[in-house]
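Structure, as structure tokens:
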Amino acid sequence: MTKGHTDTTDWLSELKTRDPERYTACLYLPSAIRNDVACLYTFDAEISHIPELVSEPMPGEVRIQFWRDLITNGSAKGVGPMAESLLEVVEQHSLPREVLYNYLNARVFDLYHDPMPDMASFEGYLGETHSILFQLAAFIAGGEPGTRMADACGHAGVAFGIARLLASLARHHGSQRIYIPEDILAKHGMASSNWLSEPVGETHLQVIGEMVQLARSHRKLADQAVSGLADKIAPVFILLAFVEPLLKKIENTGSDLFVHPVALGNLQRQWVALKRAVFF
């Protein structure tokens, strides 16, 4: 842990089962900040899991409001190790609380069954949920705000976020949630209601193909921006190593993508992360 912390929870071990990709990426971070970033990522895993724990939006809203109040009021004594550790990380690294508050606001969308209205809203959602995590991790690693880092975090969040959402499409389809923007569906002659109700066919796969290409374009832009950042920030973007392998697996899965979630095997995760760490 970074000097000044009193929490001793091993968040890296907690992350290993809750988010294997982010766990693997954390292994390449400097030891002084590894547990702090793992705490941030475990917090994300906790919030992301809320829709699976509730049958109605309101209990989920209550859970998210707890975290909003925590971020606003700044006191977590006796509330639990996750809350206490998160606030310690925020204070130790002077992380902007409004960014975490915006993250929580964006996560409310996950509780409902409203379709994603358009591409601008979709990229905004990914920015507030995934790009923000890159940004906060970069701050913990000693990064300074700037245009290049903002570009790197923004594009990385969209690329990684799309790959993650497509990999989880089976779960979203089963719970009747739609993250594909309605204007993309309309471009292919499909309404959001049909996306859920019609048997998976060629149009579904064409939509997936367009989303895959969108993720690839953002990953390329992210890599270009990351190449100009300080070396101490680069490990934060090890996560980008998983984007292309996930996208290839998504393409190869075809219509089964709507039935079975896609995931990388442990050895593949380790290999692609090592390659990026050594050769990027």
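The values are calculated or read from the model by the stated rules, or taken from the named source; none is laboratory data. On a predicted model such as this, the values are computed, not experimentally measured, just so you know. FYI the Cβ positions are ideal-geometry reconstructions off the backbone, even for glycines, and counts take in every protein chain you see.
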Checklist entry - Out of all the residues in region 126-176, which are touching a His at 6+ places or on another chain (Cβ under 6 Å) and of a type in the set (S, T, N, Q)? => result Gln176
Checklist entry - For the subset of region 53-80 comprising residues that are of a type outside the set (Gly, Ala, Ser) and in a loop (DSSP other than H, G, I, E, B), which member is modelled with the lowest pLDDT? => result Lys77
Item to check | Matching entry among Glu210, Glu198 (being without any contact (Cβ under 8 Å) to a residue 24 or more places away in the chain and closer than 21 Å to Asp183 by Cβ) | outcome: Glu198
Next on the checklist: Take the residues in region 223-272 that are assigned to a loop (DSSP other than H, G, I, E, B) and under 19 Å from the mean Cα position of the chain (by Cα); name whichever of them is farthest from Glu144 (Cα to Cα).
Outcome noted: Pro261
Checklist entry - Looking at region 103-121, which of its residues are assigned to a helix (DSSP H, G or I) and out of contact with any Phe, Trp or Tyr (no Cβ under 7 Å at 6 or more places or on another chain)? => result Tyr103, Asn105, Arg107, Val108, Asp110, Leu111, Met119, Ala120, Ser121
Next on the checklist: Condition first: surrounded by 13 or more Cβ atoms within 10 Å (Cβ to Cβ), of a type in the set (Val, Ile, Thr), closer than 30 Å to Tyr28 by Cα and under 23 Å from the mean Cα position of the chain (by Cα). Can you find one or more residues in region 168-180 that meet it?
Outcome noted: no
Checklist entry - What's the number of the condition Ser121 fails, among (1) in contact (Cβ under 8 Å) with a residue 60 or more places away in the chain; (2) of a type in the set (S, T, N, Q); (3) farther than 30 Å from Asn194 by Cα? => result (3)
Checklist outcome for this item: Residue pairs qualifying under the 9 Å Cβ cut-off, at least six apart or on distinct chains, with the first in region 217-232 being closer than 15 Å to Leu247 by Cβ and the second being at pLDDT below 95, are Asp223/Phe280
Checklist outcome for this item: By residue number, the members of region 124-152 that are more than 28 Å from Leu185 (Cβ to Cβ) and without any contact (Cβ under 8 Å) to a residue 40 or more places away in the chain are Gln135, Glu144, Pro145, Gly146, Thr147, Ala150
